[in-house]
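Each remark here refers to the structure printed beneath this line.
Just so it is clear, none of the values below were taken in a lab; they were calculated from the coordinates. Being a predicted model, the structure only gives us computed values, none of them experimental. Don't worry about glycine lacking a Cβ; one is built from the backbone with ideal geometry, like all the others, and counts go over all protein chains shown.
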Amino acid sequence: MKAKILSMATIVSVGMMFWQCTETQPVVDTTNIQASLSEGSANINSAVKAITGARGYELINAEAYTSKSATMDAAADSAYQGKILLADIKGVYDYNPEFVAATMKHGPMYKYFRKSGESELFVVKFPSTKANPRKFEFNPKKDTALVNDFVFAASEYKYMWNKANDFTYSMKSDISIRDTTVSNLEIKNSITPPLKADFYTKYTMANGYGLEVAFTNGDTAVQTKKLTKDGKVIMEESFSAIFDFAAKTHQNSYTLKVGNVAVNYVRGTNTYTVVVDGVVQPNATVEVIARAVAGEEFSIFGRRNFQIKLEDGTVIKMAELLGDNISSLRAIFDGLKGAWFATNVVDWVAYNVYLTK
């Protein structure tokens, strides 16, 4: 059985430090910092509403979805060693429950898909009513009346693996519903035993909003989550750790960026700074407040609630700026890194095509 290629959260817990200071630039005044944070948080709140209300969000909304991954454990069966390339699986595959309805009451998911045409892409088509983890169930008799108006068209697909759980996986696809493109999904994952793992998922919606998650581990462990609009970053949160395995120590860094303002943990100093457009603001201080209520989260990553105090005495609490959208952002990114749709639908079809060729 093959290694579960998209279980990112179970392999890495990490992040990245990315803004550096330039001493030649001027310090930003208090009014501009406050205005920038307000504008940045408003953009984030607008993004959450636009993303969760758009077609295509159902593909990364993995709440309450616990279906088994499409991929399997390579170490358990030597028959699953090999590689799957786009050339091996290209073609059009339609959801066709009639075959299952005529031969059995229920069947494996991949048996519901039949090749219907030729293509240079790997195209998977099924009813859009099933493009939701809560609704992705099969009813052979009732489903014969449904229209395959959901199209997953992969222009890139590569999966290479061996018995040692060493694998490389990449996929890029346009997704459309009723002949209208709603999003683009890109995944690049790899594992090199015993320690090296890299995972990257990018989901771009037709309304211009984009989501990215990246995970890397090894001597330096990195985790990054990014929210964009038309390619411009409107929020980024990252965490990293550099490990000294011999000394059994590690150094951490953390950054939360809202618009052009960043709260930056300075590695090795145990202090946080405010950075605007890459420039440290010495007159602004940061206090990290522990969550006051059990189960309440102030950050996408967990327990950080930043209180920024400006030179004129103004106090800004990041949790108040983002409000309930903190938990919404966490849910969005958790769904993205799970990539349930690719893992539980498309890869099943791809692997069955590969095995039966």
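Once the chain from Lys115 to Leu85 is taken as fully extended at 0.36 nm per residue, the excess over their C-alpha distance is 9.1 nm.
Among the listed pairs Lys49/Lys172; Lys142/Lys202; Lys158/Lys257, those with a Cα-Cα distance over 30 Å are Lys142/Lys202; Lys158/Lys257. Local charge for Thr255 was computed over the other residues whose Cβ lies under 10 Å away, with Lys and Arg +1 and Asp and Glu -1, and equals -1. Sorting Glu237, Glu118, Glu212 from the fewest to the most surrounding beta carbons within 10 angstrom yields Glu118, Glu212, Glu237.
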